[in-house]
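Okay, so here's the structure we're looking at.
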Amino acid sequence: MKVEKLLHMAGGAGDSSYAANSKIQEKAILKVKPILEEAIVEMHKNLHPKKMVVGDLGCSSGPNTFLVLTEVMKIIGKQCRQLVLQPPEMQFFLNDLPGNDFNNIFQLLSSLKESVRADKNTSSVPHFVAGLPGSFYGRLFPSQSVHFFHSSNSLHWISQVPEGLESNGNCVHLNKGNIYIGKTSPPLVVKFYQDQFRRDFSLFLKLRFNELVPGGQMVLAFSGRKKRDIYNGELSIIWGLLSESLNSMVLEGLVKEETFDSFNPPFYAPSMEETKAVVDEQGLFEIRDIQMFESNWDPYDDSDEHIVSDNIKTGVNYARCIRSVLEPMIASHFGAAIVDELFSRFAMNVANHLLKENTKLPILALRLKKKEQMFTKV
Ligand SMILES: C[S@@+](CC[C@H](N)C(=O)[O-])C[C@H]1O[C@@H](n2cnc3c(N)ncnc32)[C@H](O)[C@@H]1O
């Protein structure tokens, strides 16, 4: 699977677009806001940049793209007002893979300008916005040119299907019957996913280390795993329900078994310990904060109930969110014709699962500060 070509969220602003179905991700951004504020305030206090470069990695297209950008401007604007300082000129780079709907972002830029002008904290902040297509698993910026990196809901996408997992032409599928780590996955599959995450996240840290100015910071938030049992982690449950939906279509002859078995999404949700271990091993960043948040599958449900009140509605709401993330990849692998049926079965499987357990979505958030006086070769 060519991740850079195939991975993108559902574009545009229609009913099934990511823009219209990204409330779960918006809630994650809002939960991480206090960490974002600490990072920006500390970085600005230490560096007082006259020009400040910010990279948002995996920005997608929709309201969340501008939410992060305006939050950063508000923090800077407020800080400069309090300290009676001239705000820096801010250059934002919105990064995503080339298949991202950058046009939609560009078309929304005029509405961003209006909302920035209307807010007392942002109106005085000079800013420039540019799109930056490319993988964050490669160099994106000149050395020591960026003050702050942000990335939300994106780093659980690894750079490729884990090495060793894809059939090498002999039609042996190591992870048969699963589309991620599932209860029947062989231990080798788990190892392949973990190794790929470790390689990718290590590379990501080295690349960003070289691109950050001394004293620069990053706030990264992505899907994590809270459950200890890696075969039954929160993401394994979600992918398991999708897998069941696909399998039922295989049994009815609507999807070919071989097509199902060869679907391995490039995705991994690490535990806090795994993530911390990679940062520590690289030794390039100081961990200023690391936290795990949880939210409900239903973006419109903020309760802490043990069992969800309307499992059918939650099933439908959650299926819409997942569809807006996976539809382009599913359509490219299985064909667009199965998408409606697949997600209607998935909604029902989610609803049934929620009668047994109100599984949450864990979000891992890290604030990292570049360590001084080091040079790393990538
Ligand atoms: C779920 S969206 C998150 C969008 C936005 N940050 C938010 O929180 O709503 C994940 C985004 O990460 C992007 N992405 C995944 N892998 C990437 C990579 N290697 N380089 C750049 N972007 C990537 C996807 O294309 C997608 O747009």
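Below is a table of values for the structure above.
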quantity: Residues satisfying the stated conditions in region 128-148, i.e. closer than 17 Å to GLY216 by Cα and in a strand (DSSP E or B); calculated: VAL146, HIS147, PHE148
quantity: From the options ALA20, ALA39, ALA10, ALA28, residue that is modelled with pLDDT under 75 and more than 16 Å from ASP96 (Cα to Cα); calculated: ALA20
quantity: Residue list for region 176-231, restricted to those being open to solvent by 40 Å² or more (accessible area, probe 1.4 Å), hydroxyl-bearing (Ser, Thr, Tyr) and in a loop (DSSP other than H, G, I, E, B); calculated: THR184
quantity: One residue from HIS44, HIS48 being over 18 Å from the mean Cα position of the chain (by Cα) and loosely packed, with under 15 Cβ neighbours inside 10 Å; calculated: HIS48
quantity: Hey, HIS48 farther than 20 Å from ASN296 by Cα, of a type outside the set (S, T, N, Q) and modelled with pLDDT of 85 or more or not; calculated: yes
quantity: SER295 vs. criteria farther than 30 Å from ASN210 by Cα, open to solvent by less than 20 Å² (accessible area, probe 1.4 Å) and either within 16 Å of the ligand (Cβ to nearest atom) or in contact with a Cys (Cβ under 9 Å, 6 or more places away or on another chain) (or both); calculated: yes
quantity: Flag if GLY99 is assigned to a strand (DSSP E or B), within 16 Å of the ligand (Cβ to nearest atom) and in contact with a Lys or Arg (Cβ under 9 Å, 6 or more places away or on another chain); calculated: no
quantity: Residue under evaluation VAL255, criteria (1) modelled with pLDDT under 90; (2) in contact with a Pro (Cβ under 6 Å, 6 or more places away or on another chain), criterion not met; calculated: (2)
quantity: Number of positions in region 58-96 that are at pLDDT 90 or above, near the ligand (Cβ under 8 Å from one of its atoms) and in a loop (DSSP other than H, G, I, E, B); calculated: 2
quantity: Residue in region 121-133 that is within 16 Å of the ligand (Cβ to nearest atom), open to solvent by 60 Å² or more (accessible area, probe 1.4 Å) and modelled with pLDDT of 90 or more present; calculated: yes
quantity: Flag if SER236 is farther than 25 Å from SER154 by Cβ, polar (S, T, N, Q) and at pLDDT 90 or above; calculated: no
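The values are calculated or read from the model by the stated rules, or taken from the named source; none is laboratory data. None of these values were measured; they are calculated from a predicted model. Counting neighbours? That spans all protein chains shown, and the Cβs are built from the backbone with ideal geometry, glycine included. The protein model used for the area step is the full one, side chains on, heavy atoms only, and it has no ligands, DNA or RNA in it. Shrake-Rupley method; radii C 1.70, N 1.55, O 1.52, S 1.80 Å.
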